[in-house]
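A quick write-up on the structure given underneath.
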Amino acid sequence: MEERKDSLALGCPNSVGGIKKTRVNQERLDSTVKRVQNTISNMLSRFPAGIQTSELCGNTSQNTTQEFEDAMSDLRWVAYRVVMPVIIAGGLLGNLLNLVVLTRPSLKGVTYVYLSGLAVADLGVMMCVIPMAVRLSKSHGHSYFAAFFHAHIELAAINSLMASSIFNVVCLTVDRYISVCLPTKFRSVHTRRNAHLAVAGSYLLAIAISCPLTALNEVCIVEETHFAFQENIQVTSSFAWLVYLWTSETTVRFGPALMLAVLNTLIIRKFLRLTRKRRKFRATTENLRAQNLLDTGQQGTMRNKNYHEERRLVILLTSIMHLFFLTMTPSAFLSLLYSEQRERELGFQAFRAAANNLELCNFALNFYIYFLCSKEFRHVFMRVFSCCPAIHQEKPVMQEDEGNAHDMKDFSRNGTTVRPSPDNTQHSDKFR
């Protein structure tokens, strides 16, 4: 902090005129030499990535060049005035449609509780990131209220909603893992009450993890009526902050990524084994049907329906996992690589802009993943937004409600958990 005070003091009037004149001449000479060096560098490379300066609330060091400012202006314009607004618009529309569809009476299953919580978090991310996009698209000062919001509230709010979205995906993955790999425990775990508790816990944990981010920055004065914010060195240079940074990144990004990779791998392997068993079981069933030893009615149809439903949920979850890894990995490393010294590295700024936009895509594209991978979601969407009155007549989607949990039977050998009628249950016992 002492070096900062000295650098600010250089701007004050000096009583010794000769010293002041010598310092000004030296600054002009250094600036001229630096511009020549950067002109040569620009001839060799389109993006001079090695430029480093330290900007402190409007007080810019001597290494700042006009070429760097022009490049940063172009980068901000493309990343935050063109690309990010498109992502935000698509995300707002998609998540609003998500909430409209997922809150329909026909989608009352436990799985849709997790998806609704995920849609709320993603919509919150899209709304909170709008002020950040406005800030990143320009570099001049702000009012004190705006600077305070950007310094202490913006990042904590965005990170809270992003973390809650990630935790909701983890909860949904655990639910699917129990459904496919631990079907005997599925009935006791897969309830609406547990789903609501998991979603609420995800939000509370995300808020608790993100609260320390309110101390990351501090407000400072650029001019008499303009304010900005800078990194709070007293906080970020401490060992406690380093521990918090690694803990939060492990909890929010690396930990969930590992869990998603492991659980989804186990789900896919188990589901493939169940698919092979189902083929064998179907061949045996066909033989029994040919000999008139097995009922060919409702039970077989229900098994096939629930198997295909489980298959679509696995495909949906796998797609969400791939989207997560593709969009969240760069931002995880960005948080660990960031420092104020890198603020004047054009290469780092380009990487940060790309990572920010990729991370934002993770919270904007879920609607389109649902629409492509979920047949039930498409049917309800078409019923809600279709102009045909006949299509508007909603049919309840068969889901495992908590009140009917006692009727559920385990047919995990076929890859599903279904709710057959009492007659079919009794009839099927002799073939189990």
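Failed condition for residue 177, given (1) under 27 Å from residue 241 (Cα atoms); (2) in contact (Cβ under 8 Å) with a residue 60 or more places away in the chain, with all others met?
Unmet condition: (1).
Is there a residue being at pLDDT below 75, of a type in the set (Phe, Trp, Tyr) and within 30 Å of residue 155 (Cβ to Cβ) anywhere in region 318-338?
yes
Kindly indicate whether any position in region 241-257 is out of contact with any Asp or Glu (no Cβ under 8 Å at 6 or more places or on another chain), without any contact (Cβ under 8 Å) to a residue 12 or more places away in the chain and among the small types (Gly, Ala, Ser).
yes
How do the helices (runs of 4 or more DSSP H) wholly within region 144-202 filter down when requiring 1 or more residues that are at pLDDT 90 or above and farther than 29 Å from residue 229 by Cβ: which remain?
Qualifying helices (runs of 4 or more DSSP H): 155-181.
Can you go through 175, 122 and tell me which one is touching a Gly at 6+ places or on another chain (Cβ under 8 Å) and within 22 Å of residue 325 (Cβ to Cβ)?
Criteria check complete, one pass: 122.
Condition first: closer than 14 Å to residue 97 by Cα and without any contact (Cβ under 8 Å) to a residue 40 or more places away in the chain. Now tell me which residues in region 349-382 satisfy that.
371, 378, 379, 382 - these are the residues of region 349-382 that are closer than 14 Å to residue 97 by Cα and without any contact (Cβ under 8 Å) to a residue 40 or more places away in the chain.
Can you tell me which residue among 263, 272 is part of a helix (DSSP H, G or I), within 29 Å of residue 114 (Cβ to Cβ) and at pLDDT below 85?
Of 263, 272, the one residue that is part of a helix (DSSP H, G or I), within 29 Å of residue 114 (Cβ to Cβ) and at pLDDT below 85 is 272.
Condition (residue is in a helix (DSSP H, G or I), touching a Phe, Trp or Tyr at 6+ places or on another chain (Cβ under 8 Å) and within 22 Å of residue 324 (Cα to Cα)) applied to region 204-222: is it met by at least one residue?
Within region 204-222, one or more residues are in a helix (DSSP H, G or I), touching a Phe, Trp or Tyr at 6+ places or on another chain (Cβ under 8 Å) and within 22 Å of residue 324 (Cα to Cα).
With on the phi < 0 side of the Ramachandran plot, at pLDDT below 80 and in a helix (DSSP H, G or I) as the only criterion, which of 343, 376, 394 stands out?
343
Of all residues in region 180-211, count the ones that are among the β-branched types (Val, Ile, Thr), within 30 Å of residue 245 (Cβ to Cβ) and buried (at least 20 other Cβ atoms within 10 Å of the Cβ).
2
The values are calculated or read from the model by the stated rules, or taken from the named source; none is laboratory data. Computed from a predicted model, the values in this text were never measured in an experiment. Positions of Cβ are generated from backbone atoms using ideal geometry, with glycine treated the same way; all protein chains shown enter the neighbour counts.
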